[in-house]
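S.K.: Before I ask anything, here is the structure I am working with.
The values are calculated or read from the model by the stated rules, or taken from the named source; none is laboratory data. Please read all numbers here as calculations on a predicted model, not as lab measurements. We place every Cβ from the backbone using ideal geometry, glycine too, and count neighbours over all the protein chains shown.
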Amino acid sequence: MQAVIKVTPDQLDKMASTYPANRKLPNGAVFASKITGATITGYKSGKVLFQGPLAEKEADRWGTIVTSNSPSKSAPDLPPNFDHLAVLGSDEVGTGAYFGPLTTAAVFVPADQVDALIKRGVKDSKKLTDPKILELAKTIEESCPYHVLDLAPHDYNRLINQYNQAQLKALCHNFVLLKVLDKIAPTKPDAILIDQFVQAKTYFNYLKGQARILRERVYFKEKGESYHVAVAAASIVARAYSLATMNQLSDEAGMTLPIGAGSKVDQVAIKLAKAGKDLDHFAKLHFGNTNKVKQALKKVN
């Protein structure tokens, strides 16, 4: 279990002097301690996080609990209290969609922003409506450093001739993560979490030859949003940018471009081609949908 309380500066000082200083300080923390049944971390913001089987009991000693819930998913290879560390997370959207961009985002969530984002409803973007995504993306962008690479179809098609899709995704993740690190320097995150799409060894092999490769404190987890809100935040920001680009492309196409790669997508792609539109501007041409468009056009001719 975990619990969070909000305390005054004087209370925070008192707690810091009460608990033994036997834990490494996460970013933004003024003290961190492990006692029997609980780990306690106090932050400059006045929030104090209690984790462990006796979390609520220990928190009750000091004040009213602001939040109390079960911890996020954990794993033995992740640092202790990972879900409340200062984490830089990354995720991408658009890999399975014929129309639209490949959009990759990285978001740094300081430790004192974790609970605020969770309380606002930041979670896996696939579980959110488009209006909610746009609302939360604005909140994230106002409170957390971030960077987005919105790779338009034309650029995607050029690069996919040089790299397979997984390698291209690795390049995009490395790029946006480094951009955020540059923005927050000299601050360093406690950890970096990438929403996993290949094994770590393969990921780093894909990056060979790059001028800068981010390796320090990097972790990979499928469904990364269940381990830290930073990945959920990155997913939301990426999807917000992707939605904006899809709306723009739909306006240019003169019709709504559907998500995915199914039969409805084929029908719209055929209409676009028949209207003389260049699919390179709208779609990822290496998808099988392109062959179906070519076959349909042959029948017409």
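S.K.: Inside segment 7-21, can you point out the residues that are modelled with pLDDT under 90 and either in the same structural domain as Leu117 (by TED's automatic domain parsing) or surrounded by 15 or more Cβ atoms within 10 Å (Cβ to Cβ) (or both)?
M.R.: Scanning segment 7-21 gives a single hit, Val7.
S.K.: Let me ask something else about it. Taking only segment 281-290 into account, find how many residues are closer than 15 Å to Gln267 by Cβ and in a helix (DSSP H, G or I). Quick ask: steps written out before the conclusion?
M.R.: Narrowing segment 281-290 to residues closer than 15 Å to Gln267 by Cβ: 282-283, 287-290.
From what's left, in a helix (DSSP H, G or I): 289-290.
Matching residues across segment 281-290 total 2.
S.K.: Condition test on Lys169, is it in a helix (DSSP H, G or I), surrounded by 16 or more Cβ atoms within 10 Å (Cβ to Cβ), among the basic types (Lys, Arg) and not assigned by TED's automatic domain parsing to the domain that holds Lys24? Step through it out loud before you land on a result.
M.R.: Working: in a helix (DSSP H, G or I): yes; surrounded by 16 or more Cβ atoms within 10 Å (Cβ to Cβ): yes; among the basic types (Lys, Arg): yes; not assigned by TED's automatic domain parsing to the domain that holds Lys24: yes.
So Lys169 fits the description; yes.
S.K.: What pairs can you find where one residue is in segment 65-91 and farther than 27 Å from Val148 by Cα, the other is among the small types (Gly, Ala, Ser) and modelled with pLDDT under 85, and their Cβ atoms are less than 6 Å apart, with a gap of 6+ or different chains?
M.R.: What qualifies is Ile65/Ala3; Ser68/Ala3.
S.K.: Of the residues Lys73, Lys24, which single one is modelled with pLDDT of 85 or more and either in contact with a Cys (Cβ under 9 Å, 6 or more places away or on another chain) or part of a loop (DSSP other than H, G, I, E, B) (or both)?
M.R.: On the way: Lys73 fails: modelled with pLDDT of 85 or more.
Matching residue, one of Lys73, Lys24: Lys24.
S.K.: May I ask you to list the residues in segment 216-258 that are farther than 17 Å from Val180 by Cβ, β-branched (Val, Ile, Thr) and either out of contact with any Gly (no Cβ under 8 Å at 6 or more places or on another chain) or not assigned by TED's automatic domain parsing to the domain that holds Ala152 (or both)?
M.R.: Thr256 - this is the single residue of segment 216-258 that is farther than 17 Å from Val180 by Cβ, β-branched (Val, Ile, Thr) and either out of contact with any Gly (no Cβ under 8 Å at 6 or more places or on another chain) or not assigned by TED's automatic domain parsing to the domain that holds Ala152 (or both).
S.K.: When you look at Leu207, is it crowded, with 19+ Cβ neighbours inside 10 Å, out of contact with any Lys or Arg (no Cβ under 6 Å at 6 or more places or on another chain) and touching a residue at least 12 places away in the same chain (Cβ under 8 Å), yes or no? Before the answer, list the steps.
M.R.: Numbers: crowded, with 19+ Cβ neighbours inside 10 Å: no; out of contact with any Lys or Arg (no Cβ under 6 Å at 6 or more places or on another chain): yes; touching a residue at least 12 places away in the same chain (Cβ under 8 Å): yes.
No: the conditions fail for Leu207.
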